[in-house]
Amino acid sequence: MKKRFLIGLLLLAGGVGAQPSPRQLYPGLFEAVQLGSVYADNKTFVDALPKAPPTEVLAEYNRQRTQPGFDLKAFVARYFTPPVAPTDLYRSNIQAGIRAHLDTLWTVLRRPAQAEAQQYSSLLPLPRPYLVPGGRFREIYYWDSYFTMLGLREAGRTELLRDMTANFGYLLDHYGHIPNGNRTYYLSRSQPPFFALMVQLLAQAEGPGSRALVQYRPQLQREYTYWTTGGNALAPGTAAGCAVRMPGGELLSRYWDASDQPREESYREDVETARLSKQPPAEFFRNVRAAAASGWDFSSRWFVPGQGLASIRTTSLVPVDLNCLLLTLEQTLARAARQAGDSTAAPRFRRLAQVRTQAIRRYFWDATAGWYVDYDLPRRQPAAVHTLAGVFPLALGVATAAQAKQAAQRLQTEFLRPGGLLTTPNATGQQWDAPNAWAPLQYLAVMGLRRYQQTALADTIAHRWVRLNVRVFNQTGKLLEKYNVEKTDLLAGGGEYPLQDGFGWTNGVLLRLLNEERPALQR
């Protein structure tokens with residue numbers, strides 16, 4: 001069993017000879033460290049560097065572990081160097097103001113290009129400089145980066161914006177998809193596909209005459225292939241991998257992870273929660289990993305209504321946000337083909353986009369609720385849980401004008417709070433539920449409402465969010481990954497790890513909203 005697992009992970013990581021993951025490098029020791037709570041955060045060990053070759057470390061562990069008085073924590077401290085968070089050595093200057101803080105963070109969170117993999121490290125090399133989110137997140141993250149890149153454009157840092165786009169293109173060329181992050185243990189999954197929007201953002205920054213869409217056309221096609229492969233062989237109402245064939249025959253996609261093992265970076269949490277689940281362990285782990293691929297790890301969005309993480313069923317749900325992003329990818333591929341003079345591909349992708357648009361409106365719009373939701377494939381009905389993923393059809397132009405008006409009313413009555421918009425109205429203790437709110441979803445809601453001329457509500461949300469960000473910064477000197485928008489005097493919580501400082505996508509969205517210069521933001 002262990003041999004099959006290791007071979008499978010090697011294949012997921014790009015084939016035999018690829019950079020191995022920590023669980024592959026330290027069989028037995030890895031499980032002991034992660035289950036033994038040697039570090040408070042399981043991610044610490046998978047990011048740590050050994051002080052000796054892994055074979056030597058493993059041999060010493062197997063020799064010493066049966067000896068009387070063996071101390072696992074002392075052993076790990078002797079043989080491993082734990083990572084340092086990018087913001088640990090930085091102290092902000094509150095008196096200099098929020099804009100100076102934002103400008104400084106582009107340097108604090110910047111990481112240099114790395115031509116070759118560091119020996120025995122889980123970090124995957126990238127050919128260009130890049131920005132990390134901050135805190136425990138010491139590597140690039142896929143969907144985080146788009147919102148960070150919004151800030152780079154606002155700050156006029158076009159070269160770093162170009163570097164970030166090139167790195168994601170490199171990952172598509174090298175692995176056939178953009179991993180969750182540039183770590184070996186993230187290779188089995190992707191994240192919400194924002195690459196098309198990144199390329200569009202670069203084209204806008206470069207101005208008229210930009211060839212970014214044509215330049216990245218092959219990588220955009222690879223992204224599309226990753227999310228749709230296998231769909232042609234599916235019968236209606238079935239799914240395989242990322243691909244889903246809807247009951248009416250339309251091809252859509254879902255979040256997926258190629259592995260059915262516990263996440264290496266959250267190994268203890270996954271093993272312990274699996275014991276509480278009624279699902280077979282492999283099925284539970286797959287659902288947990290698919291939720292990590294969504295970026296919403298974790299939320300009542302993925303649970304049986306009224307139940308907790310043990311009931312997670314991510315792969316049974318067809319996500320509204322993912323399919324709106326894939327619609328944007330199809331539209332971008334059509335534009336890229338047109339610019340390249342490809343008269344065959346351009347109309348083909350326009351037709352695919354038209355089919356997906358109709359499918360999104362058919363399956364994800366809940367007319368009774370007046371809100372876009374995910375689709376429950378086994379039950380053949382819209383999902384019961386309302387989440388802020390419902391703003392994607394507004395932000396990306398899928399909703400009709402009438403739907404946008406109803407959605408604005410739903411945002412006002414169900415999601416709006418003193419500090420901004422709730423991620424879901426459900427208080428579960430999970431970080432992607434009430435009372436927490438996240439910068440990317442605030443931004444998408446504001447942009448979506450403005451797109452449909454719902455400007456008063458858009459300005460209210462933006463004003464509340466900016467005011468909360470600035471007030472917390474003035475009190476703490478920090479910009480955080482998430483915020484409590486119900487009780488704005490309290491910090492956000494929940495999830496598997498403490499609240500993180502940095503923070504890439506918060507910075508990018510805040511700078512963009514500050515630069516909007518709308519009256520509501522000036523009060």
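The values are calculated or read from the model by the stated rules, or taken from the named source; none is laboratory data. Small disclaimer: the values here were computed from a predicted structure and weren't measured. Cβ coordinates were reconstructed from backbone atoms using ideal geometry, including for glycine residues, and neighbour counts include every protein chain displayed.
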> Checking PRO86 against (1) at pLDDT 95 or above; (2) surrounded by 17 or more Cβ atoms within 10 Å (Cβ to Cβ), which test does it fail?
Replying inline: (1)
>> Test of understanding: among LEU124, LEU105, which residue is touching a strand residue (DSSP E or B) at 6+ places or on another chain (Cβ under 9 Å), surrounded by 22 or more Cβ atoms within 10 Å (Cβ to Cβ) and over 17 Å from GLY181 (Cα atoms)?
In response: LEU105
> Considering only residues of the stretch 135-191 that are modelled with pLDDT of 95 or more and on the phi > 0 side of the Ramachandran plot, which is farthest from the chain's Cα centre (by Cα)?
Replying inline: GLY156
>> Yes or no: the stretch 296-312 includes at least one residue that is part of a helix (DSSP H, G or I), over 18 Å from the mean Cα position of the chain (by Cα) and surrounded by fewer than 19 Cβ atoms within 10 Å (Cβ to Cβ).
In response: yes
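VAL214: more than 28 Å from VAL320 (Cβ to Cβ) and hydrophobic (A, V, I, L, M, F, W, C), yes or no?
When the stated conditions are applied, VAL214 passes them.
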> Is one or more of the residues making up the stretch 74-81 closer than 25 Å to GLY151 by Cα and not basic (Lys, Arg)?
Replying inline: no
> Which helices (runs of 4 or more DSSP H) sit wholly inside the stretch 414-523 and have at least 2 residues that are buried (at least 24 other Cβ atoms within 10 Å of the Cβ)?
Replying inline: 439-451, 455-476, 504-514
> Given the conditions (1) assigned to a helix (DSSP H, G or I); (2) outside the structural domain of ALA434 (by TED's automatic domain parsing), and given that PRO378 satisfies all but one, which numbered condition is not satisfied?
Replying inline: (1)
> Is it true that some residue in the stretch 445-463 is modelled with pLDDT under 95 and touching a Ser or Thr at 6+ places or on another chain (Cβ under 9 Å)?
Replying inline: no
>> Going residue by residue through the stretch 234-244, is there one that turns out to be surrounded by fewer than 21 Cβ atoms within 10 Å (Cβ to Cβ), assigned to a helix (DSSP H, G or I) and either among the acidic types (Asp, Glu) or out of contact with any strand residue (DSSP E or B) (no Cβ under 6 Å at 6 or more places or on another chain) (or both)?
In response: no
>> Being outside any loop (DSSP other than H, G, I, E, B), without any contact (Cβ under 8 Å) to a residue 60 or more places away in the chain and within 23 Å of ALA384 (Cα to Cα) is the requirement here; does ASN287 meet it?
In response: yes
> Which residues, counting only those in the stretch 245-265, are under 16 Å from PRO281 (Cβ atoms) and part of a loop (DSSP other than H, G, I, E, B)?
Replying inline: SER259, ASP260, GLN261, PRO262, ARG263
> Within the stretch 73-102, restricting attention to residues that are in contact (Cβ under 8 Å) with a residue 60 or more places away in the chain and in a helix (DSSP H, G or I), which residue is farthest from the chain's Cα centre (by Cα)?
Replying inline: ILE94
>> Can you tell me which residue is nearest to ARG138 (Cα to Cα) among those in the stretch 103-124 that are in a helix (DSSP H, G or I) and not charged (D, E, K, R)?
In response: VAL108
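Which residue is nearest to GLY241 (Cα to Cα), if the candidates are limited to the stretch 192-228 and must be within 16 Å of the chain's Cα centre (by Cα), part of a helix (DSSP H, G or I) and in contact (Cβ under 8 Å) with a residue 60 or more places away in the chain?
We begin by selecting, within the stretch 192-228, every residue within 16 Å of the chain's Cα centre (by Cα); these are 192-198, 223, 227.
Now drop any that are not part of a helix (DSSP H, G or I), which leaves 195-198, 223, 227.
Filter once more, keeping what is in contact (Cβ under 8 Å) with a residue 60 or more places away in the chain: 195-197, 223, 227.
On the way: PHE195: 20, ALA196: 21, LEU197: 24, GLU223: 14, TRP227: 8 Å.
Here the residue is TRP227.
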> Does the stretch 62-79 contain at least one residue that is under 23 Å from ARG136 (Cβ atoms), surrounded by fewer than 18 Cβ atoms within 10 Å (Cβ to Cβ) and touching a Leu at 6+ places or on another chain (Cβ under 8 Å)?
Replying inline: no
> Within the stretch 32-47, which residues are β-branched (Val, Ile, Thr) and buried (at least 23 other Cβ atoms within 10 Å of the Cβ)?
Replying inline: VAL33, VAL46
>> Can you find, within the stretch 207-223, the residue that is surrounded by the fewest Cβ atoms within 10 Å (Cβ to Cβ) among those that are among the charged types (D, E, K, R) and in contact with a helix residue (DSSP H, G or I) (Cβ under 6 Å, 6 or more places away or on another chain)?
In response: ARG222
> List, please: which pairs have Cβ atoms under 8 Å, are six or more places apart or on different chains, and start with a residue in the stretch 388-416 that is touching a residue at least 60 places away in the same chain (Cβ under 8 Å) and end with one that is among the polar types (S, T, N, Q)?
Replying inline: PRO393/GLN403; LEU396/THR328; VAL398/THR357
>> Looking only at the stretch 454-487, filter to residues that are within 29 Å of SER266 (Cβ to Cβ) and among the hydroxyl-bearing types (Ser, Thr, Tyr); which one of those is nearest to the chain's Cα centre (by Cα)?
In response: TYR483
